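Down below is the structure, laid out as structure tokens.
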Amino acid sequence: MNLLDLCRDVTKAAPEETEVWIRRDRRGCARFSLSELSQPMDLDTIEARVRVARGRRVAEVVTTDLDDLRNAVGRATALAKVAPEIEGFEGFAGADAVSTSSRSPGDISADARTEKVAAIIARIDREGFASAGMIETETHALAIATSRGAARSHEDGSAELRVWALEDAAGRGASGHGSHLVRQLQELAVERETEAAIRAAKDGKGPGRFESGPCDIVMEPVAVAELLEWLGTIAFPAPEVEAGTSAMSNRFGQSITGAHISIRESPLDSLADPFDREATTRRAIDLIRNGIAMEPLTDRASAQKRRSASTGSAIPTALFSPGGIAGVALSIDAGAHATAKSSDELVNGLDRGLYVRRLHYVNGFLDPQRAMMTGMSRDGCFAVERGRVVRPVKNVRFTDSFLEMLARSDGATAERSLVRSSWTTGGTLDVPALRFRNVLLTSS
Amino acid sequence: MDLREIVEWLKPRCRYAEVRYTDENVETVRVRARRDGRNDAVSQSRARGIGIRVLGEKTWGFACTPRLDADSIEECAQRALDLAASASRVGKRTVMLPERAPQKGSYRTKIETDPFSIPLEERIAFLDAPARALLKGRIHSAELHADASRLEKRLVTTDGVDVEQIFHFGACNMQAIAVDDAGNTESRTAPTWSGCDAFQGGWERVVALDLLGQTEQLRSEAEALLDAPYCPEGELDLILESSQVALQVHESCGHPTELDRVFGTEITLAGGSFLDAEKRGSFRYGSDLVTITADSVAEGGPGTFGWDDEGTPAGTHPLVERGTFVDFLSSRETAAVIGRSSTGTMRASGFDRVPLVRMTNVSLAPGRGSLEDLIADTKHGVYMLNDRSWSIDDQRLDFQFSCELGWEIVNGKRARLVKRPLYGGSTPKFWASCDAICGPEEYRLWGISSCGKGDPMQLMAVGHGAAPARFRDVKVGRA
């Protein structure tokens with residue numbers, strides 16, 4: 001039986017208002033390190049989520065056993081009798097949410113991954129570097145049905161490469177990184193990204209120190225994506241806005257960053273599934289338009305409280321998203337500033353500063369109302385003088401407000417890169433390289 | 001299907017195999033109370049399945065399945081074998097595992113009250129009372145959660161391990177958010193920051209927290225922070241309360257001593273380590289006061305067990321002794337590379353993940369004296385409590401933490417409450433500056449519930465015991 005039929009059957013037999021959501025994942029991971037394919041993995045997982053509502057009392061039961069679904073409905077029904085009411089809950093999705101779609105994931109065999117990893121290891125070996133990274137292929141099937149008639153399913157997949165070239169296998173010397181996220185394994189730009197990693201590792205040998213203090217910085221898209229993901233967590237979900245801790249709290253309609261900056265949830269241009277955890281169709285949302293705070297991300301209940309329609313942002317409860325609301329396709333549009341053909345062109349516009357390829361361990365909880373963040377550079381940090389990269393430098397720490405950094409940005413690449421979200425399943429970030437002015441460096 | 005059957009099937013097909021069954025039930029109660037409404041939630045989850053790791057001609061293969069019928073398990077085993085064969089064809093190095101004695105037995109968490117036996121209404125009411133008590137004055141919202149988990153594990157290997165374990169884990173925390181007229185917010189948490197509140201034990205551990213009894217202090221401190229000055233900046237003496245010391249140990253001692261990171265096998269997510277094998281036995285990690293131990297037998301710690309996920313029995317292993325770095329957190333494979341035995345730290349977050357070197361309960365030994373003695377002995381400094389943000393570089397050297405609140409100490413007294421305190425440093429220099437650690441009466445075993453490692457990411461609860469400690473001439477400031 002396919003997943004959608006199973007969802008329908010279970011909801012039809014349920015005594016109370018019921019929603020059944022099932023996701024089946026197959027992930028093939030060729031993880032390599034020390035120039036060896038050290039962790040090949042084949043992960044076959046199923047997650048089913050049953051919600052039962054009695055009025056506004058809603059309880060959720062999660063199981064990995066599809067044979068246990070009817071019992072799960074029973075347990076959720078019992079829980080719903082004592083569960084607290086969810087403010088704004090007006091029932092599960094209705095019969096207007098019906099669709100079936102699928103996209104082919106391409107070749108996902110272990111041998112195909114192994115072959116590509118072997119080529120990467122051999123290439124990096126020839127340069128005298130150690131290699132690490134992962135090629136992952138994933139396919140997933142998703143289905144949801146409700147007793148109000150919603151019935152949606154989708155099948156999809158993606159492939160991702162992350163590669164490091166390392167002077168020292170444990171990263172104690174120079175390192176370079178490359179990455180690429182696409183829908184099918186055969187689309188991965190393995191050679192291009194491997195060469196980029198090798199080039200950065202070569203250029204990064206023998207780093208010197210760089211003084212702390214205000215500094216102009218060009219960041220590659222992978223670095224910008226990490227900052228945007230944090231902003232997405234602390235600023236955009238409706239629960240954060242309601243708690244008063246978001247930079248958007250009480251500031252809708254006001255300018256919160258530079259007038260050239262727009263931040264959108266753009267699911268139609270990403271690898272995101274076409275509907276969210278509650279069967280709501282994902283749609284494009286202006287979160288910040290020309291620097292102005294526009295609207296938060298919502299699920300059905302939080303949207304009801306705001307007397308608006310859900311933005312289709314409900315996700316299964318996940319790390320740092322206890323509210324179950326998150327962007328899965330955030331993008332930055334730098335408007336008229338997005339004209340550079342490459343990050344090299346952005347570097348050309350620096351008199352003195354840094355070129356940062358990647359960030360590590362960013363944290364955005366310092367002062368969420370200001371979107372104050374800190375983090376370290378990683379895998380390539382270079383001093384820039386008179387528009388040219390002149391030498392590698394040791395990793396630096398920055399501590400600054402990301403919204404204020406965006407306001408001070410004065411250059412972006414026209415082309416954006418798709419980067420995998422670290423925290424939301426299937427989520428992506430679509431970002432340009434950016435040039436920031438006067439970022440505060442605070443290294444010890 | 002009995003796990004021994006699939007192990008017997010695997011035995012002639014590989015050099016080593018381990019088959020791990022897990023069945024985890026979790027119940028979560030979350031109360032979110034605001035002045036203008038409620039948004040509480042309850043959920044129940046069950047995840048069970050089998051993970052199979054095999055060692056082929058040269059290297060590993062890992063596969064998992066949530067289906068427990070014989071055909072699915074055999075198909076899963078075959079997938080693990082195929083992966084190991086595919087990887088071994090391109091491998092250069094052969095993974096070696098040392099021989100070991102067979103392990104058989106069982107482990108069970110000691111609990112007084114099974115949280116699953118407490119009616120859900122009672123658990124909701126338990127959290128509801130402090131939430132209502134907090135919502136006064138300028139407290140805009142209060143959030144509390146109580147999670148309970150029961151995890152059954154069985155591990156059977158081709159070299160004679162057959163062990164069963166039943167764990168009871170929990171986590172409980174409350175947070176108050178105060179808002180002033182201008183919309184500025186400050187928050188306070190108890191018993192400490194959310195994310196450091198995990199434990200192994202029963203409902204009695206939740207009751208012992210006395211959340212209701214702490215609401216008045218929590219509320220008044222959150223409100224006072226709205227009007228408090230920012231933390232002073234400069235190089236000052238720093239006193240950390242015990243949960244912040246626990247996080248400091250976690251980030252700057254626990255992670256760098258993981259031998260897989262040291263070798264470079266965690267580059268794709270977590271990063272490496274400034275330590276290397278040559279530093280063992282000679283590297284000065286900190287002052288003579290600093291003794292750190294990996295302890296997987298400490299009662300009540302999230303990192304306590306009978307055996308790790310490759311069947312190594314629990315034990316106590318010094319990592320830093322009187323300031324000198326002496327050993328790593330390790331697995332059978334990684335320890336063998338440096339000619340040592342595993343310190344028994346391999347754990348996986350579920351059946352669907354491969355075991356990794358993980359912290360157990362990595363704890364800083366207590367010293368002498370009370371917190372009040374330590375404050376009285378400090379001329380000018382800042383006492384910081386409850387973490388707010390955390391960040392450290394990929395080699396675990398350059399760190400920065402900010403906390404919920406601080407007290408500026410002048411001439412041995414708490415002079416004034418300060419908000420948004422922040423400190424930073426470099427790992428060995430910071431630990432070298434440790435000149436006082438409070439005594440056993442101030443020591444507490446904390447639990448970090450969501451330590452992230454691995455690729456795909458695994459979240460794991462790990463324990464850290466610590467007492468308040470003082471560090472001299474640390475760069476402090478405001479977030």
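The values are calculated or read from the model by the stated rules, or taken from the named source; none is laboratory data. Only a predicted model underlies this, so the values are computations on that prediction, with no experimental measurement involved. Here Cβ is always computed from backbone atoms with ideal geometry, including for glycine, and neighbour counts include all displayed protein chains.
Out of B:Arg89, B:Arg67, B:Arg93, B:Arg38, I need the residue that is out of contact with any strand residue (DSSP E or B) (no Cβ under 9 Å at 6 or more places or on another chain) and either farther than 23 Å from B:Asp159 by Cα or facing chain A (nearest Cβ under 7 Å) (or both). Which one? It would help to see each step written out before you state the result.
Details: B:Arg67 fails: out of contact with any strand residue (DSSP E or B) (no Cβ under 9 Å at 6 or more places or on another chain); B:Arg93 fails: out of contact with any strand residue (DSSP E or B) (no Cβ under 9 Å at 6 or more places or on another chain); B:Arg38 fails: out of contact with any strand residue (DSSP E or B) (no Cβ under 9 Å at 6 or more places or on another chain).
Result: B:Arg89 is the single residue among B:Arg89, B:Arg67, B:Arg93, B:Arg38 that is out of contact with any strand residue (DSSP E or B) (no Cβ under 9 Å at 6 or more places or on another chain) and either farther than 23 Å from B:Asp159 by Cα or facing chain A (nearest Cβ under 7 Å) (or both).
Can you pull out the residues in the stretch B:407-419 that are more than 14 Å from chain A (Cβ to nearest Cβ) and assigned to a strand (DSSP E or B)?
Keep residues of the stretch B:407-419 that are more than 14 Å from chain A (Cβ to nearest Cβ), which gives B:407-418.
Hits for the stretch B:407-419 are B:Trp407, B:Glu408, B:Ile409, B:Val410, B:Lys413, B:Arg414, B:Ala415, B:Arg416, B:Leu417, B:Val418.
In the stretch B:76-103, how many residues are surrounded by fewer than 19 Cβ atoms within 10 Å (Cβ to Cβ) and either of a type in the set (Phe, Trp, Tyr) or not in a helix (DSSP H, G or I) (or both)? Total meeting the criteria: 11. Given the criteria touching an Asp or Glu at 6+ places or on another chain (Cβ under 7 Å) and assigned to a strand (DSSP E or B), does A:Val62 qualify? Judged against the criteria, A:Val62 is a match. Of the residues making up the stretch B:245-262, one or more are within 14 Å of chain A (Cβ to nearest Cβ), buried (at least 21 other Cβ atoms within 10 Å of the Cβ), at pLDDT 95 or above and not in a helix (DSSP H, G or I). A count restricted to the stretch B:178-196 and to residues that are farther than 11 Å from B:Gly447 by Cα and surrounded by fewer than 21 Cβ atoms within 10 Å (Cβ to Cβ) stands at 6. The residues in the stretch A:56-99 that are away from chain B (no Cβ under 11 Å), crowded, with 19+ Cβ neighbours inside 10 Å and either over 12 Å from A:Glu16 (Cα atoms) or modelled with pLDDT under 90 (or both) can be counted, and the count is 3. Checking each residue in the stretch A:241-263 for being assigned to a helix (DSSP H, G or I) and surrounded by 24 or more Cβ atoms within 10 Å (Cβ to Cβ) picks out only A:Val241. The set of residues in the stretch B:306-323 that are at negative phi and touching a strand residue (DSSP E or B) at 6+ places or on another chain (Cβ under 6 Å) comprises B:Gly306, B:Trp307, B:Asp308, B:Asp309, B:Glu310, B:Pro313, B:Thr316, B:His317, B:Pro318, B:Leu319, B:Val320. Under the condition of being surrounded by 21 or more Cβ atoms within 10 Å (Cβ to Cβ), more than 7 Å from chain B (Cβ to nearest Cβ) and not β-branched (Val, Ile, Thr), the residues counted in the stretch A:36-55 number 4.
Could you name every one of the strands (runs of 3 or more DSSP E) located completely within the stretch A:335-444 that has at least 1 residues being out of contact with any His (no Cβ under 6 Å at 6 or more places or on another chain), at the interface with chain B (Cβ under 9 Å from one of its Cβ atoms) and at pLDDT 95 or above?
On the way: elements: A:338-340, A:352-367, A:372-385, A:388-392, A:397-401, A:409-413, A:417-420, A:428-431, A:434-441.
Passing ranges, in order: A:352-367, A:372-385, A:397-401.
In the stretch A:171-196, of all residues being hydroxyl-bearing (Ser, Thr, Tyr) and within 14 Å of another protein chain (Cβ to nearest Cβ), the one that is farthest from B:Val262 (Cα to Cα) corresponds to A:Ser179. Which of the residues belonging to the stretch B:109-124 are exposed (fewer than 12 other Cβ atoms within 10 Å of the Cβ) and more than 10 Å from every other protein chain (Cβ to nearest Cβ)? The answer is B:Lys110, B:Glu112, B:Ser117. Look at (1) modelled with pLDDT of 95 or more; (2) within 21 Å of the chain's Cα centre (by Cα) and you find that B:Met457 fails only one, number (1).
Only a single criterion out of (1) of a type outside the set (A, V, I, L, M); (2) in contact with a Ser or Thr (Cβ under 9 Å, 6 or more places away or on another chain); (3) in a helix (DSSP H, G or I) is not satisfied by B:Glu121, namely (2). Restricting attention to the stretch B:43-63, which residues are buried (at least 24 other Cβ atoms within 10 Å of the Cβ), touching a strand residue (DSSP E or B) at 6+ places or on another chain (Cβ under 8 Å) and not hydroxyl-bearing (Ser, Thr, Tyr)? Answer for the stretch B:43-63, where residues must be buried (at least 24 other Cβ atoms within 10 Å of the Cβ), touching a strand residue (DSSP E or B) at 6+ places or on another chain (Cβ under 8 Å) and not hydroxyl-bearing (Ser, Thr, Tyr): B:Gly49, B:Ile50, B:Gly51, B:Ile52, B:Arg53, B:Val54, B:Trp60, B:Gly61, B:Phe62, B:Ala63.
If you go through the stretch A:108-134 and keep only what is within 11 Å of another protein chain (Cβ to nearest Cβ) and either among the charged types (D, E, K, R) or not in a helix (DSSP H, G or I) (or both), you end up with A:Ser109, A:Asp111, A:Arg113, A:Glu115, A:Lys116, A:Asp125, A:Ala130, A:Ser131, A:Ala132, A:Gly133, A:Met134.
Residues in the stretch B:130-140 include none that are closer than 23 Å to B:Tyr21 by Cβ, touching a residue at least 40 places away in the same chain (Cβ under 8 Å) and away from chain A (no Cβ under 13 Å). A residue that is away from chain A (no Cβ under 14 Å), of a type in the set (Gly, Ala, Ser) and touching an Asp or Glu at 6+ places or on another chain (Cβ under 8 Å) occurs nowhere in the stretch B:386-404.
When you go through B:Ile111, B:Ile73, B:Ile166 one by one, which is the residue that is assigned to a loop (DSSP other than H, G, I, E, B), at pLDDT 95 or above and not polar (S, T, N, Q)? Before you say what the answer is, go through the steps one by one.
Details: B:Ile73 fails: assigned to a loop (DSSP other than H, G, I, E, B); B:Ile166 fails: assigned to a loop (DSSP other than H, G, I, E, B).
Exactly one of B:Ile111, B:Ile73, B:Ile166 is assigned to a loop (DSSP other than H, G, I, E, B), at pLDDT 95 or above and not polar (S, T, N, Q), namely B:Ile111.
For the stretch B:324-353, a residue qualifies if it is touching a strand residue (DSSP E or B) at 6+ places or on another chain (Cβ under 8 Å) and among the basic types (Lys, Arg), and the qualifying residues are B:Arg332, B:Arg347, B:Arg353.
Considering B:Ile437, B:Ile448, which residue is buried (at least 22 other Cβ atoms within 10 Å of the Cβ), more than 11 Å from every other protein chain (Cβ to nearest Cβ) and farther than 21 Å from B:Pro302 by Cβ? Walk me through it before giving the result.
Values: B:Ile448 fails: farther than 21 Å from B:Pro302 by Cβ.
From the options B:Ile437, B:Ile448, the qualifying one is B:Ile437.
If you go through the stretch B:280-298 and keep only what is charged (D, E, K, R) and loosely packed, with under 15 Cβ neighbours inside 10 Å, you end up with just B:Asp288.
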